[in-house]
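**Student:** First, the structure itself, so that you have it in front of you.
The values are calculated or read from the model by the stated rules, or taken from the named source; none is laboratory data. Source: prediction; values computed, not measured. So basically every Cβ, Gly included, is an ideal-geometry build from the backbone, and we count neighbours across all protein chains shown.
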Amino acid sequence: MQYYVTFEQSGSSGSTHVTVDGTEHPLPYSLWLDQGSSHTFSYQSPVSGGTGVQYVLDYASTTSPFDVSYARTVTGYYTTQFYITITSAHGTPTPSQWVNEGYSLAVSVQSPTETVAEQTRWLCTGFSVDQAPTQSGTSYTFYNIQEPHKIEFNWIQQFWLQVTTSVSGVTVPGTGWHDSGTSVTCNAPTTASEYTFNHWTIDGTSQQKGVNSITVTMNAPHQVTAQYVATDSVKPSIGEATHQPHEPDGPMPSESVTVSVDVTDNLSGVAQVILQYRKSTSALWIEVDMSKISGDTYAGEIPGFDLGTKVYYYVTAYDNAGNQAVQDKAGEYYSYIVPEFSDFIIVGLFMLLTLVAAALAKIRRQKRVPPKHSITTDQD
């Protein structure tokens, strides 16, 4: 005797198959089976329902294997699932996954993340669901899911800005995390107790002397320091300037002249010393930065000039508080002349002329002396 057995499914809209005794068949599938025979079956799972949709077998109305003792219908019951795609470049996001129809799924990322203390980190700026406008936050819950979804988290890199001052008790706002590419403006008080703002340093490099506002582009971590100096209204002290070589033997034509001077400032310190010079025939003063060569001594060089040129010069000094001092011999200026003939040349010419004169005199004397004659005596 045989019984009629039918295999069918419920809940799958895809092309679903069943495998009976090792042979696959599309559903529904029916066949005659002998009474008392034993058979195995398995339903296909998962079954594709298109992009982002699948059907997974929940259970079958009959277990496998089964013995044939009556006609029956075996039904495989499927549950619909939708794929939730979660995209995030940072922050250990919730994994993308299949979720049963009607269920909910909470997704999130960790933010900030990849933090290097006081250097760099990544911050989540929000997310977009199914390409809709961006929302703020680091988490989102899909409720009563009825279709596939996509969520993408957005990120920005941030860099640390450390703003300090060179004196205690003075603070400048700005320290903290800032988005990459943004500009941060820092404003330092111009005065603080017994100190006056002088300049900024960014990552150890001096910038913007005397300007108490600075803008920093956050393309990397930065250390910004407002540098202060003791309040100082006293000008630097400039000693008498000297130059070498000095007259009367020099300088020679086209020979450069080195100007030296002692400059001191006991409060804020010497910031800059400038040598200014010009020819007597020119109204244009030319500036040369003088360099510290030892102790309090600074030196600068004036280039060489032609014979007979008169050169004027004076020295200007600034301290770190911006005070200016000038050493110009009370407005008369220092000066020197490139001599047309040095003493050495004059002495040399005099000696040469003396030798020539002596030689000529000797020649004249020799011409005036009569020649000597020999006297011979005859002997018997």
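**Student:** Pick out the one residue from 281, 297, 264 that is surrounded by fewer than 19 Cβ atoms within 10 Å (Cβ to Cβ), of a type in the set (S, T, N, Q) and farther than 25 Å from residue 230 by Cβ.
**Tutor:** Within the list 281, 297, 264, the selection yields 281.
**Student:** Please return the ranges of strands (runs of 3 or more DSSP E) entirely within segment 240-326 where 3 or more residues are hydrophobic (A, V, I, L, M, F, W, C).
**Tutor:** Counting at least 3 such residues, we get 257-264, 270-279, 310-319.
**Student:** Here is a further query. Pairs needed: first member in segment 121-134, over 18 Å from residue 109 (Cβ atoms); second member anywhere, among the charged types (D, E, K, R) and in a loop (DSSP other than H, G, I, E, B); C-beta distance under 7 Å; at least 6 residues apart or different chains.
**Tutor:** none
**Student:** Let me ask you something else. Residue under question is residue 263, and the condition is that it be over 21 Å from residue 159 (Cβ atoms) and modelled with pLDDT of 95 or more; does it hold? Let's see the steps before the verdict.
**Tutor:** Values: over 21 Å from residue 159 (Cβ atoms): yes; modelled with pLDDT of 95 or more: yes.
For residue 263, the condition - over 21 Å from residue 159 (Cβ atoms) and modelled with pLDDT of 95 or more - is met.
**Student:** On to the next question. How about segment 43-78: which of its residues are among the polar types (S, T, N, Q), surrounded by 17 or more Cβ atoms within 10 Å (Cβ to Cβ) and within 23 Å of residue 130 (Cβ to Cβ)?
**Tutor:** 54, the sole residue that qualifies.
**Student:** Now, a different point. May I ask you to say which residue of 139, 206 is of a type in the set (Gly, Ala, Ser) and under 30 Å from residue 97 (Cβ atoms)?
**Tutor:** It is 139.
**Student:** Hey, can you tell me all the residues within segment 189-213 that are among the hydrophobic types (A, V, I, L, M, F, W, C), modelled with pLDDT under 95 and over 20 Å from residue 318 (Cα atoms)?
**Tutor:** 192
**Student:** Find the residue count for segment 270-280, including only residues that are small (Gly, Ala, Ser) and more than 30 Å from the chain's Cα centre (by Cα).
**Tutor:** Residues meeting the conditions: 1.
**Student:** If we scan segment 188-203, do we find a residue that is of a type in the set (Phe, Trp, Tyr), farther than 30 Å from residue 274 by Cα and surrounded by 14 or more Cβ atoms within 10 Å (Cβ to Cβ)?
**Tutor:** no
**Student:** So which residues in segment 217-261 are aliphatic (A, V, I, L, M), closer than 26 Å to residue 170 by Cα and surrounded by fewer than 20 Cβ atoms within 10 Å (Cβ to Cβ), if there are any at all?
**Tutor:** 218, 220, 230, 234
**Student:** Additional query: Report whether or not residue 50 is over 60 Å from the mean Cα position of the chain (by Cα) and either part of a loop (DSSP other than H, G, I, E, B) or among the small types (Gly, Ala, Ser) (or both).
**Tutor:** no
**Student:** Another question, if that's okay. Scan segment 84-111 residue by residue and report those that are touching a residue at least 60 places away in the same chain (Cβ under 8 Å) and surrounded by 16 or more Cβ atoms within 10 Å (Cβ to Cβ).
**Tutor:** 84, 86, 88, 90, 91, 93
**Student:** Go through segment 195-237 and give me each residue that's touching a residue at least 40 places away in the same chain (Cβ under 8 Å), within 21 Å of residue 323 (Cα to Cα), part of a loop (DSSP other than H, G, I, E, B) and of a type in the set (A, V, I, L, M, F, W, C).
**Tutor:** Across segment 195-237, the qualifying residue is only 234.
**Student:** Hey, another quick one. Quickly run through segment 305-324 and pick out the residues that are over 25 Å from residue 198 (Cβ atoms) and either among the β-branched types (Val, Ile, Thr) or surrounded by 14 or more Cβ atoms within 10 Å (Cβ to Cβ) (or both). Before the answer, list the steps.
**Tutor:** As a first pass, look at segment 305-324 and keep what is over 25 Å from residue 198 (Cβ atoms): 305-314.
305, 309, 311, 312, 313, 314, listed by residue number.
**Student:** With (1) in contact with a strand residue (DSSP E or B) (Cβ under 9 Å, 6 or more places away or on another chain); (2) farther than 23 Å from residue 238 by Cβ as the list, and residue 306 as the residue in question, which single condition is left unmet?
**Tutor:** Failing condition for residue 306: (1).
**Student:** Filter segment 185-194 down to the residues that are closer than 27 Å to residue 159 by Cα and assigned to a strand (DSSP E or B) and list them by number.
**Tutor:** Correct list: 185, 186, 187.
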